[in-house]
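Asker: Okay, here's the structure, questions in a sec.
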Amino acid sequence: MESLPPFLQSLGEYPRWFVIACLTVIAAAGLWLLAKALKWTIYLLLTVVLLGGGVAVVWLLWKPGS
């Protein structure tokens, strides 16, 4: 077995399949969290755009001289 970097030495004690399975689960969870954050960011931006557009329409309708 090749020599592992010092911060990975403890992983050398475990079977390779187990390490890969754990890393796969961690990567999937990270992608899931990233997708959740992106979804809520899109919802937030959509809300801001709709509210901003609504406020602009009301302001333009009530603006004197229009």
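The values are calculated or read from the model by the stated rules, or taken from the named source; none is laboratory data. Computed from a predicted model, the values in this text were never measured in an experiment. All Cβ positions, even for glycine, are placed from backbone atoms using ideal geometry, and neighbour counts span all protein chains on display. Note: areas computed on protein heavy atoms with side chains; ligands, DNA, RNA excluded. Shrake-Rupley method; radii C 1.70, N 1.55, O 1.52, S 1.80 Å.
Asker: Does LEU11 qualify as being among the aliphatic types (A, V, I, L, M), at pLDDT below 95, surrounded by 10 or more Cβ atoms within 10 Å (Cβ to Cβ) and assigned to a helix (DSSP H, G or I)?
Answerer: yes
Asker: A further question on this structure: Under 7 Å between Cβ atoms, at least 6 apart or on separate chains: pull out the pairs that start in the stretch 1-22 with a residue that is without any contact (Cβ under 8 Å) to a residue 24 or more places away in the chain and end on any residue that is among the β-branched types (Val, Ile, Thr).
Answerer: LEU11/VAL19
Asker: So, TRP59, is that one modelled with pLDDT of 95 or more and part of a helix (DSSP H, G or I) or not?
Answerer: Numbers: modelled with pLDDT of 95 or more: no; part of a helix (DSSP H, G or I): yes.
When the stated conditions are applied, TRP59 does not pass them.
Asker: If you go through the stretch 27-40 one residue at a time, do you hit one that is open to solvent by 100 Å² or more (accessible area, probe 1.4 Å), modelled with pLDDT under 95 and either assigned to a helix (DSSP H, G or I) or in contact with a helix residue (DSSP H, G or I) (Cβ under 7 Å, 6 or more places away or on another chain) (or both)?
Answerer: Looking for residues that are open to solvent by 100 Å² or more (accessible area, probe 1.4 Å), modelled with pLDDT under 95 and either assigned to a helix (DSSP H, G or I) or in contact with a helix residue (DSSP H, G or I) (Cβ under 7 Å, 6 or more places away or on another chain) (or both), one finds none in the stretch 27-40, hence no.
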